[in-house]
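Before any comments, here is the structure.
The values are calculated or read from the model by the stated rules, or taken from the named source; none is laboratory data. Bear in mind that the values here come from a model prediction, so they are computed numbers and not experimental data. No Cβ is skipped: glycine too gets one built from the backbone with ideal geometry, and neighbour counts run over all protein chains shown.
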């Protein structure tokens, strides 16, 4: 995976777990994810840098204008997101503390995938490889390749 796709996978798990925690409120609340790199983004409502890879949170009401979580502007911790949701829907009387505990438990049950180890060979254990039968120097390799040409 490219670094951006690793980040995307983590963000997807965060949103999936948030949706699971907020499921009891699904009659009045929907959690959604929108990848702006692959979809149309109305500039007049969502001002976003062209190649931005950070997460922004919005409240989209059935009628009216969207509200954006602005503190912090990007990559907000989940507690800030839950406080934002709670402030946008006071009629739900959400307990941010309880939701945070449930979200942390959901993240343990459904964690993002482990990042791949660096290096082209990944998890190769060189001790398990059979010993080389013959090791050629650079000059010897050149001589061998000349023999193969004719």
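Is it true that some residue in the stretch 26-44 is within 20 Å of residue 16 (Cβ to Cβ), modelled with pLDDT of 75 or more and touching a helix residue (DSSP H, G or I) at 6+ places or on another chain (Cβ under 6 Å)?
Scanning the stretch 26-44, I find at least one residue that is within 20 Å of residue 16 (Cβ to Cβ), modelled with pLDDT of 75 or more and touching a helix residue (DSSP H, G or I) at 6+ places or on another chain (Cβ under 6 Å), so the answer is yes.
Could you tell me whether residue 85 is over 19 Å from the mean Cα position of the chain (by Cα) and in contact (Cβ under 8 Å) with a residue 24 or more places away in the chain?
In short, yes.
Please note which helices (runs of 4 or more DSSP H) are completely contained in the stretch 64-150 and include at least 1 residues that are modelled with pLDDT of 80 or more.
In the stretch 64-150, the matching helices (runs of 4 or more DSSP H) lie at 78-88, 96-109.
Just checking, how many residues over the stretch 21-36 are part of a helix (DSSP H, G or I) and either without any contact (Cβ under 8 Å) to a residue 40 or more places away in the chain or surrounded by fewer than 16 Cβ atoms within 10 Å (Cβ to Cβ) (or both)?
Final tally of qualifying residues: 3.
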